[in-house]
Amino acid sequence: MIFRNRAIVPFSLIILLLLGATLISPRPARALEDYKKLYLEGLELKEKGEFEKALESFTKAIEIKDMEATKIRFYGMRYGEYFPHREKGIVHFELQQYREAYTELEKSLNMSPSKDAEKYLAMAQMELEKLGETDMFGVYEIPKELQKIRKARETNKYAVAVVIGNAKYDDKDIPSVNFAVNDAELVKNYLINTLGYREGNIIFEANASKGVFESIFGTSDTHKGKLFEYLTPQQSDIFVFYSGHGAPSLETKKGYILPVDGNANNVRISGYSLDLLYENLAKMPAKSVTVVTDACFSGAPLFKKASPVGIIVNNPLAASTNTTLINSSAGTELSSWYTEKGHGLFTYYFLLGLTGEADLNQDKKVTMAEINKYLGENIPYMARTLHGGRKQSPSVNTVNMERTLAEYQ
């Protein structure tokens with residue numbers, strides 16, 4: 001009797017395991033097939049103008065995607081080539097359901113760049129503005145955790161800054177950088193309060209043209225633009241912040257900041273060269289230089305028929321002991337949004353670090369080493385969590401990692 005009981009138990013377990021495998025294993029594959037079927041069905045109905053039925057198909061497809069995403073990723077399957085939120089948003093737009101359209105299209109863009117999603121998002125926004133319903137995008141509230149702004153230990157009397165956020169581009173084929181101006185405005189706030197800069201020493205620009213960049217940083221003929229005029233030689237710390245698009249030259253692999261009147265296809269003419277920016281900053285008689293960019297320079301959001309490009313930069317600032325370059329992403333990576341917070345992912349964590357979160361030893365100072373560690377611990381994780389496994393690697397480049405970024409009361 002004892003022998004038979006021992007034999008029955010393992011045999012029962014084997015049967016259960018086999019049954020479980022039979023019942024569970026095909027599920028992700030079936031889910032993927034169901035998803036594809038509903039998605040393609042939605043596209044067909046949309047083309048026929050049967051928008052209500054198309055909406056139903058896309059909604060069901062999204063439900064499967066959300067419910068089965070973990071299992072399907074485990075089985076090595078992806079939904080990357082499909083855009084259910086975009087298509088659902090377009091259908092909502094055709095049904096004149098503009099709020100719903102705006103929400104779905106924003107979700108789609110948060111996952112992956114799309115010219116169609118950008119186009120319909122702008123159209124939905126225009127319709128909402130006509131109706132006076134601007135609460136979805138016209139009102140920005142600083143996240144509560146970023147409202148805990150620390151006060152600088154002392155005023156940095158001679159420090160000067162340039163803060164630029166480029167959100168809306170003249171070229172309709174260039175997607176907007178939705179939160180760039182939010183980023184720039186809050187960085188300015190932190191410069192005044194946490195880094196001790198005087199407001200009159202901050203050059204602030206929203207949606208800057210190439211002419212504005214040249215007037216501030218100078219040209220290849222002269223570095224003596226507005227920033228140079230603000231300097232007190234050997235006493236001024238320079239802080240430069242830029243949020244917006246960057247772009248590479250596909251011919252030279254050089255990087256460019258993209259002004260709002262720029263064109264990615266002729267960026268060597270219409271862009272502002274990173275090499276020139278660094279060369280002109282290196283010529284300025286500053287006490288220190290810090291450059292912070294929340295932008296990617298791979299061209300991934302701008303060139304749909306070209307592979308992302310890793311740029312080549314000639315940077316005369318790199319060897320200086322009083323210079324720091326802080327970048328939101330590396331190589332061919334994208335710089336992500338944090339839609340829920342209304343900021344670029346990098347800018348959000350950069351500023352959160354300045355609230356004291358990056359002050360690892362609690363000495364009321366944030367050093368370059370500390371901000372480097374803090375960004376490295378948070379941004380890669382959040383980028384892959386929020387954006388379906390996306391890679392984003394921020395960097396802090398300086399000869400002196402013990403240099404103080406912020407010191408507060």
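The values are calculated or read from the model by the stated rules, or taken from the named source; none is laboratory data. Keep in mind that what you see is a predicted model, and the values were worked out from it rather than measured. All Cβ positions, glycine included, derive from the backbone under ideal geometry; neighbour counts span all protein chains shown.
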Is it fair to say residue 348 is under 11 Å from the mean Cα position of the chain (by Cα), part of a helix (DSSP H, G or I), modelled with pLDDT of 95 or more and assigned by TED's automatic domain parsing to the domain that holds residue 186?
yes
In the range 366-388, anything buried (at least 17 other Cβ atoms within 10 Å of the Cβ) and charged (D, E, K, R) is listed as 370
Quick one: what pairs do we get from the range 142-154, first residue in contact (Cβ under 8 Å) with a residue 12 or more places away in the chain and surrounded by 12 or more Cβ atoms within 10 Å (Cβ to Cβ), second aliphatic (A, V, I, L, M) and assigned to a loop (DSSP other than H, G, I, E, B), C-beta under 9 Å, 6+ apart or different chains?
152/195
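Inspect all residues belonging to the range 229-246 and state whether any of them is more than 20 Å from the chain's Cα centre (by Cα) and under 24 Å from residue 343 (Cα atoms). Give the derivation first.
At the first step, the residues of the range 229-246 found to be more than 20 Å from the chain's Cα centre (by Cα) are 229-239.
In the following step, the residues that additionally are under 24 Å from residue 343 (Cα atoms) were identified as 238-239.
Checked the range 229-246: at least one residue is more than 20 Å from the chain's Cα centre (by Cα) and under 24 Å from residue 343 (Cα atoms).
With the requirement that a residue be surrounded by fewer than 20 Cβ atoms within 10 Å (Cβ to Cβ) and touching a residue at least 24 places away in the same chain (Cβ under 8 Å), what does the range 50-59 give you? Talk me through it step by step, then tell me what you get.
The first filter runs over the range 50-59 and keeps only residues surrounded by fewer than 20 Cβ atoms within 10 Å (Cβ to Cβ), leaving 50-53, 56, 59.
Residues satisfying the conditions are 51, 52, 59.
Of the residues in the range 358-401, how many are of a type in the set (Lys, Arg) and over 13 Å from the mean Cα position of the chain (by Cα)?
Keep residues of the range 358-401 that are of a type in the set (Lys, Arg), which gives 364-365, 373, 384, 390-391.
When the remaining residues are screened for being over 13 Å from the mean Cα position of the chain (by Cα), the result is 364-365, 373.
Summing the residues that are of a type in the set (Lys, Arg) and over 13 Å from the mean Cα position of the chain (by Cα) in the range 358-401 gives 3.
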Whichever residue in the range 242-269 is surrounded by 18 or more Cβ atoms within 10 Å (Cβ to Cβ) and without any contact (Cβ under 8 Å) to a residue 24 or more places away in the chain and, among such residues, is farthest from residue 164 (Cα to Cα):
249
Taking residue 82 as meeting all but one of (1) over 25 Å from residue 386 (Cα atoms); (2) under 23 Å from the mean Cα position of the chain (by Cα); (3) at pLDDT below 90; (4) assigned to a loop (DSSP other than H, G, I, E, B), write down the number of the exception.
(1)
